[in-house]
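Take a look at the structure below.
The values are calculated or read from the model by the stated rules, or taken from the named source; none is laboratory data. The structure presented is a predicted model; accordingly, all values stated were derived computationally and were not measured. Neighbour counts are summed over all protein chains in view; Cβ atoms, including those assigned to glycine, are modelled from backbone coordinates with ideal geometry. Side chains included, ligands, DNA and RNA excluded: accessible areas come from the protein's heavy atoms. Shrake-Rupley method; radii C 1.70, N 1.55, O 1.52, S 1.80 Å.
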Amino acid sequence: MLKKITLILTLLCMLVLTATGANRRFTLVIDPGHGGSDSGAVGPNGYTEKEGAFAISQKEASILNQSGAKVVMTRDSDVDVYGPNASARNELQARVDVGNNANSDIFVSIHCNAFVNPAANGTQTFYYGSSYQGQRLAQSIQEKMIEANGLRDRGISTCNFYVVKHSYMPAVLIETAFITNYDEEALLSDDEWQTTMAKAIAEGINEYFSN
């Protein structure tokens, strides 16, 4: 009888975890790249990186909130996080501070890639070299994004990007697609594609917390 009760309780716990989502216990910081006075890269048809990054980030936050996670955004509108006339270092540190002060479990910075050659294309995710957990997070998100968007898989790479290097928690920087590529700029500005990317990133985050 005791074994039966134990088995039933175990199954109930598994059902609860499945229903609520693995990330319910965690705090996540979503960092929409650029914003305010900093447009980021600009596509051939004028769509800006700050617009694309923010649109995907908003959808991402909504999905994660609905799954039960606590989501903190470094910015929730088109503003400079530090404030007007900030140095690049001050602006980046302000974003890092949001995550560190929130005691976040992970930090996810969302961007659009750019290159002088408009043929450059694909999706890539960066992490700080000495962070094994950052590497795990990057790999999980990258795999889910490529499954969803079908773009060139540029893989995961180490980096020294400020927000990734100086965050206390595992951190990644996602280059969703190339805004300087005509076709990918069109994708980045498309509401349905933005939602697809947001869902894929959320799936990658869930997988990271589940393993």
**Fill in**
Tyr127: passes all of (1) touching an Asp or Glu at 6+ places or on another chain (Cβ under 6 Å); (2) buried (at least 22 other Cβ atoms within 10 Å of the Cβ) but (1)
**Message:** Can you pull out every residue in region 134-178 that is within 11 Å of the chain's Cα centre (by Cα) and under 23 Å from Gly40 (Cα atoms)?
**Reply:** Ala138, Ile141, Gln142, Met145, Ala171, Val172, Leu173, Ile174, Glu175, Thr176
**Item:** Residue count, region 144-163 (criterion: acidic (Asp, Glu) and either open to solvent by less than 20 Å² (accessible area, probe 1.4 Å) or in contact with a strand residue (DSSP E or B) (Cβ under 8 Å, 6 or more places away or on another chain) (or both))
**Value:** 1
**Item:** Boolean, Val98 is hydrophobic (A, V, I, L, M, F, W, C), in a helix (DSSP H, G or I) and open to solvent by 20 Å² or more (accessible area, probe 1.4 Å)
**Value:** yes
**Prompt:** Has region 135-143 got any residue that is touching a Pro at 6+ places or on another chain (Cβ under 6 Å), of a type outside the set (D, E, K, R) and buried (at least 19 other Cβ atoms within 10 Å of the Cβ)?
**Reply:** yes
**Prompt:** Among the residues of region 27-49, which ones are without any contact (Cβ under 8 Å) to a residue 60 or more places away in the chain and surrounded by 23 or more Cβ atoms within 10 Å (Cβ to Cβ)?
**Reply:** Gly35
**Message:** So, restricting to helices (runs of 4 or more DSSP H) that lie completely within region 101-199, which ones have at least 2 residues that are touching a residue at least 24 places away in the same chain (Cβ under 8 Å) and basic (Lys, Arg)?
**Reply:** 132-149
